[in-house]
Structures are given as structure tokens and as C-alpha cells.
Amino acid sequence: MSQSDFEAAQIKVKNLSTRPSNPQLLELYALFKQGSEGDVSGKRPGMMDIKGRFKFDAWGTKKGMAKADAQAAYIALVKQLLERDGKAW
């Protein structure tokens, strides 16, 4: 997988006609952040920022995963979602 495949997946996922489930969205977010920035950093959002906490925690589950591995997993998930949506890569 290449950086251009990762970037293409970012565009293609925005064109899905069916919204991914919340767990799938969190997985996409976590893999994207790990694949683009590496390990989670900063402080965990406060109790009132529930969405932010879920995103931070999802990204945290990828800690230690190599950027290339996260990008490959992101691409694979996007391909799976595209197939479910009846679209080609």
C-alpha cells in the first residue's frame, strides 16, 4: 500500500451512500489518525466531551501500530465499506 492509496481511500470513504456504523466510524478515525500522525498524544478530553473521549480512546487502541500498518488497515476497511455499498475501489 502506498501513500497515494491511503489518500485515495480518504476521498472514497466520503462518497459512501450508506453511513458506516458508529464502531466503524471510530475504527476509521483511529486508523486514519494512527496512519497519519502516529501514536495518540495530548490530554484525554474531559467528561463533558463524550464524542472527543470516544475518538481519543479509539485512537489509543492503535498505540504502537506502525503508520504503514494503520494505513493498510484503513484502506482495507474502506474497501470493505465500498463493497458493502456496491461500489468499486
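Across region 1-51, which residue is modelled with the lowest pLDDT among those that are in a loop (DSSP other than H, G, I, E, B) and within 18 Å of V78 (Cβ to Cβ)? Going through the qualifying residues, I end up with M1.
Just wondering, is there one or more residues in region 23-36 that are more than 12 Å from the chain's Cα centre (by Cα) and without any contact (Cβ under 8 Å) to a residue 24 or more places away in the chain? Break it down stepwise before answering.
Taking region 23-36 first, the residues more than 12 Å from the chain's Cα centre (by Cα) are none.
No, that holds for no residue.
Anything in region 52-84 that is part of a helix (DSSP H, G or I) and either polar (S, T, N, Q) or touching a Gly at 6+ places or on another chain (Cβ under 7 Å) (or both)? List them, or say none. Those that are part of a helix (DSSP H, G or I) and either polar (S, T, N, Q) or touching a Gly at 6+ places or on another chain (Cβ under 7 Å) (or both): K67, A70, Q71, Y74, Q80. Which numbered condition trips up T18, out of (1) out of contact with any Lys or Arg (no Cβ under 9 Å at 6 or more places or on another chain); (2) exposed (fewer than 14 other Cβ atoms within 10 Å of the Cβ); (3) among the β-branched types (V, I, T)? With (1) out of contact with any Lys or Arg (no Cβ under 9 Å at 6 or more places or on another chain); (2) exposed (fewer than 14 other Cβ atoms within 10 Å of the Cβ); (3) among the β-branched types (V, I, T) applied to T18, the lone miss is (1).
The values are calculated or read from the model by the stated rules, or taken from the named source; none is laboratory data. Worth saying up front: this structure is predicted, and the values here are computed from it rather than measured. Cβ coordinates were reconstructed from backbone atoms using ideal geometry, including for glycine residues, and neighbour counts include every protein chain displayed.
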